[in-house]
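Here the structure comes first, spelled out in structure tokens, and everything after it is commentary.
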Amino acid sequence: MSLLDDPKAAFADLTRPEWWVLGVSVAFLLFLFVAMLTGGLSPTYFLFLVGLAGMYALLSFGLNAQWGFTGLINFSVAAFFGIGAYGTALMTASGSPIAGGFNPLVGLAVALVVAFVLALLIGIPTLRLRADYLAIASLGLAEVVRLIVLNERWLTNGSAGLRGIPGFFVGWPVLSTFPEAMPGLRLEVVPGSPVFLETPFWQASLNGLLVVAFAGGAYLVLRRAHRSPWGRVLRTIRSDEDLARALGKNTYSFKMQSFVLGSLIMALAGVFYAHLNLYVGPGDLDPITTFYAWVAVILGGSGSNRGALFGGVVIVTIREGTRFLNDVALPIDPAPLRLLLIGVVIVAVMRYRPQGVLPPQRELIWPSAVDGGGTPETPDSGVRERKGGGGDE
């Protein structure tokens, strides 16, 4: 049921896990909104969290297109993320050792092209093999990319990283001067706790709109692809590749398409991160990024686009929420609690919801099939009777 067509019926059609996710999400947003109004949370930092959540959602979307759709085990999420980040940084950063000074749109194009070529190079020799070989090759790829970034100073500036990366909208008409042109605002909902909306806030709002555009576009593309005949072939390959091959499908070609699509979305996340953080370094290619993406997909539900989005938000909530524990007097160091909480989440999901919080089954149904589409017509006669009738005529 479409939310726009009939909101009441759409809410009535929600399952218990969907109600739970909706309730928790609304409660969490209200909590953040109250925290901003009372001065407990900076609006600029809130928009920064939105950007991080969108970035992890993009990483989850990319991995979901590979593992969730096709069953391709890719442990090089951090590598393609780094390719996207370094690709745009080397083209746009003032401190770039090889280029620099180009428009961010050029950096975006270069990053996606390099990610496309790299996905082809790793996919051509490995996608004909079984899943475990791809896992080993992708794990090696991630380490190779990280070591190149760390040691090839002439290309990547080595361990110093790349600084001087411009915002994504630098050089654009209107948007490039929007943060400086907007007036500073002072809101005081709670006496003694004013909230300031100044240039950093307006800059962060542009970043928020950018990641919403990236993540929204990726979601719509994957949603359409998942329900299409192409998506059905991918699900068949994941379930039984031999069956898909027996049905005449070129499984190698379909796996390559899925692998490239997911890699491009991961690189897109890296492009956004570079222009959000305005700095990239070898530490951004740490394997923990790959681990976070896998946890997000498993938590949300393998093959579920909604689940990948939800999982990315949960990862950012745990990752950034534990930072506030430093303000609480605890007998232990709160920093390691981040991985501890993520481990607890994995155990709980595997124990109580092994299919994920939002499994993909409901995403595979076209709304027209259940919303006003009616039921398929039942033929008056079978195939044999129709053939027989035609022969008599």
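Cβ crowding within 10 Å ranks Phe291, Phe80, Phe75 as Phe291, Phe75, Phe80, fewest other Cβ atoms first. Remark: the stretch 24-38, residue by residue, has Karplus-estimated 3J(HN,Hα) of 5, 5, 5, 4, 5, 5, 5, 4, 5, 5, 5, 4, 5, 5, 8 Hz, where x stands for each Gly or Pro and the curve is 6.51 cos²θ - 1.76 cosθ + 1.60 at θ = phi - 60°.
Arg128: net charge of surrounding residues, Cβ under 12 Å, Lys/Arg +1, Asp/Glu -1, itself excluded? Net charge around Arg128: +2. For the chain, the longest principal axis of the Cα atoms and the long axis of helix 77-92 meet at an angle of about 50 degrees.
With mean projected area of the Cα convex hull in nm² in mind, check (i) 26.5; (ii) 20.3; (iii) 17.3 and report the label derived from this structure. After the calculation, the listed value that fits is (i). Ranked for footprinting exposure by Cβ neighbours inside 10 Å, fewest first, Asp242, Asp13 give Asp242, Asp13. Entry note, the chain: the mean residue ellipticity at 222 nm calculated from DSSP H runs of n ≥ 4, each adding -39500 (n - 2.57), is -20500 deg cm²/dmol after division by the residues and rounding to the nearest 500. Karplus-based coupling profile of the stretch 253-270, in residue order and whole Hz: 5, 5, 5, 5, 4, 5, 5, 5, 4, x, 5, 5, 5, 4, 5, 4, 4, x, with θ = phi - 60° in 6.51 cos²θ - 1.76 cosθ + 1.60 and x standing for Gly or Pro.
A short reminder: the numbers here are calculations on the coordinates, not readings from a lab. Keep in mind that this is a model prediction, so the values were computed, not measured. Methodologically, a virtual Cβ is constructed for each residue, glycine included, from the backbone with ideal geometry; neighbour enumeration extends over all protein chains shown.
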